[in-house]
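Below is one structure; the comments refer to it alone.
The values are calculated or read from the model by the stated rules, or taken from the named source; none is laboratory data. Model, not experiment: these values are computed from the prediction. Glycine gets a Cβ as well: all are built from the backbone with ideal geometry, and neighbour counts include every protein chain shown.
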Amino acid sequence: MFAMLALAGCEQAYNGDVGGDSAQNNLDFGNYNAEGHRLYGEQCAGCHGAEGNGTQIGTPLVACASCTGIATLAHEISLTMPIGKDTSVTDCDGQCASDVAEYIMYAFNGLSLYEAATSLDGVSVIPLDQTLRNATVQLAGRLPTEAETAKVVAEGEAGFAAVMDEVMNEDEFYNRLNEIFNDVFLTDKYLVVNTGSTGALSLLDSDDYENRTWYSVDYPSGGDDANEDNRNCAIRLSNDGVAREGLELINHITRNN
């Protein structure tokens, strides 16, 4: 699929312009703080860099841990900055901290704020009944029932939430949840059906898990057909239980909130 999309892009003479404001540098961030700029240059740039990219002695301020909002960053500045020779953490608090925080947020993290504060041209919200259809197909592998659709149309967001609560209690939803998280963990590659061996059990340290091959004691190889059937079943269940432990834990937590 990716190859087909890439080929289509080449055939259309793709030049790297994805449209919108993605390649523009003249965005108006609206709240540029000149006093904050001055204070930053005097007290902060020496450690954090003129453009907020950090130095050997100062961390970057682009997408920093405290850069979640102006108030949060101002509070952090008032408690911890500036530091260095002939400075004190009380040198920039109150209005100083607020001005510097506002400058940092718009100068170094401004694009994120701009994008969060504006809507995308041409983007619209689809009706809830269509959202319901997409959700049930993706999460439950089925179309919504007429009753579910009618409830959403009649009750709006509240009806949608109620229907999805029911959908997320269906067994198929948890099968889908396994698929979604396995795409991240890739642990199903250790299932016996995929490897033909006990790949998951082999990952367990024999010193820590002395009984990892318990089936060899309870069902030693070379027995009759019934013994071999039990042995193979025990191997498969033991191995696959270990392989899917993470996925089943997520399922358990989800089922029990």
Being in contact with a helix residue (DSSP H, G or I) (Cβ under 9 Å, 6 or more places away or on another chain), touching a residue at least 24 places away in the same chain (Cβ under 8 Å) and over 30 Å from A140 (Cβ atoms) is the requirement here; does L247 meet it? no
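Of everything in the range 60-79 that's exposed (fewer than 15 other Cβ atoms within 10 Å of the Cβ) and hydroxyl-bearing (S, T, Y), which residue is modelled with the highest pLDDT?
Ranking the candidates gives T72 first.
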Would you mind finding the one in A150, A162, A154, A200 that is under 26 Å from N257 (Cα atoms), among the aliphatic types (A, V, I, L, M) and either part of a helix (DSSP H, G or I) or in contact with a helix residue (DSSP H, G or I) (Cβ under 8 Å, 6 or more places away or on another chain) (or both)? A162
Of all residues in the range 80-135 being at pLDDT below 70 and among the polar types (S, T, N, Q), which is surrounded by the most Cβ atoms within 10 Å (Cβ to Cβ)? S112
Of N194, N178, the only residue that is surrounded by 12 or more Cβ atoms within 10 Å (Cβ to Cβ), touching a residue at least 60 places away in the same chain (Cβ under 8 Å), of a type outside the set (G, A, S) and closer than 19 Å to D240 by Cα is N178
Sort out which residues of the range 215-247 are surrounded by 13 or more Cβ atoms within 10 Å (Cβ to Cβ) and either part of a loop (DSSP other than H, G, I, E, B) or in contact with a Lys or Arg (Cβ under 7 Å, 6 or more places away or on another chain) (or both), and write them in order of number. Y215, Y219, R244
Single residue of L186, L191 found to be outside the structural domain of G141 (by TED's automatic domain parsing), at positive phi and of a type in the set (A, V, I, L, M): L186
